[in-house]
C-alpha cells in the first residue's frame, strides 16, 4: 500500500483537494482505478489535476520505496484513526503525513518554539531555557528543524530527555539543513519524537514548501511562542497562521534597538501574549503546575486505595484525558471519573478544561 500512498503524495495536489479525493473514494487503490469522469466528479477537481491523477508516471521510483523501507517510514493518512485531530480542524489539512520516529498520544500537549535563523545570544539563551523547562514539564516541543532558534529548541528538548516533533519542508530523505542532521538522528535513535512532513521522499526544500510546513507546526501545537524574529521573519507567518487557527500566540520581548526583535515586539503590540518565563506560557495555555501538598510529601499518597494509587501513577504534568486514563487503568470511564473526583477533592490531582487531568506535584 505504501507505493500507492507515495504515488498520491507525488501528485502534490492542493491539500484540500487531496483530502476530498480520499474521502470520495475511500482509499488510493480506488482513486487510481477510477475513470476520468469519476475523478472529475470530486469537489474542486479540475481537468489539469485529473490528468495528473491518471498519469502513471507519478508512481514512486525505487529510490523512494527503498528509503521508505530502509528508514521504516510510516504513512498516516486522513483516513486513519491516528491522524492528528488538531490537523482535521484546519482549512487545508495535509492528506498524508510521512513520519520517521514515533508520534505519541501526549504530543497533543505541545508548544511550538519558532524564531530567527540568525539567533542572537539572547534568543539562543531564552530558547534553551524555554525548551528545557517545557520538556521538563512534560510538554512536547515543536519546531521546523531550521538552523537558529528551531535547532536550539529541538536540541535542548533532547538534552532534557523530552519529546520533540520536527516538521520538515522537504522529503525526509533530504538532509536539510545539513547542519542539523545529527539532531534529527538523535530524535529517532532515542525515541524522543518524530520527523514529520507532508512531502514525499525526493521533494527538495524549495521556498514555497516552508509556508505550507508552517501551518502544520502551528496546528499540532497548543500555542506558538515566537522567541526572536525580525520584521520579515518566517516565524511571523507561523504566528499569523496560528492566530487564524485559533491557537495562542505568544512572543518574547526584545531590545527595541535590535532589528532582530522588531517582529516579536510588533506581535506583542498587536495583541500576542508577552511571555518571559515558561510559567507565563503555561498560564497562557491554561496549564497549571502547582506545588506538591505537604501531606503528599509526607507519604499520604501511599495510603490511597489501589485504584486511586494506580490512577495517580498514570498522571504527570502533561494533561491526560479521562478516556486515556480509564483505558490505561483498565476500568470504565465512569469508574475512573468517580475516583478522579475523589482525588481532586483530596488535592492530589487537578482537572483541566476538556476533561483532562494532571498530577499535583
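Say we join alpha carbon atoms closer than 10 Å with springs in a Gaussian network model of the chain; which of 287, 196, 166 then has the biggest fluctuation?
It is 287.
In nm, what is the difference between 0.36 nm times the number of residues separating residue 309 and residue 79 and their Cα-Cα distance?
Between residue 309 and residue 79, full extension yields an extra 79.1 nm.
Below 8 Å between Cα atoms, with a sequence gap of 6+, how large is the relative contact order for the stretch 294-359 in percent?
36 percent.
Pick out which of 164, 276, 264 has the largest mean-square fluctuation in a Gaussian network model of the chain, springs linking Cα atoms closer than 10 Å.
Comparing 164, 276, 264 in a Gaussian network model of the chain, the most mobile one is 276.
Efficiency by 1/(1 + (r/R0)^6): what FRET value for residue 51 and residue 321, r their Cβ-Cβ distance, R0 = 35 Å, to the nearest 0.05?
That gives a FRET efficiency of 0.20.
At 0.36 nm per residue, and after removing the present C-alpha to C-alpha distance, how many nm does the segment from residue 258 to residue 206 gain when stretched out fully?
So the extension gain works out to 15.8 nm.
Could I have the simple spin-label model distance between residue 269 and residue 35, label points 7 Å from Cα toward Cβ, reported in nm to one decimal?
If labels sit at residue 269 and residue 35, their model points lie 6.1 nm apart.
Mean-square fluctuation check for the chain, GNM, Cα pairs under 10 Å: which of 327, 203, 251 is largest?
The residue with the greatest mean-square fluctuation here is 327.
Read-outs: derived from the displayed coordinates by stated rules, not from any lab. Source: prediction; values computed, not measured. For neighbour counting, all protein chains shown are included, and Cβ atoms are generated from backbone atoms with ideal geometry for every residue, glycine included.
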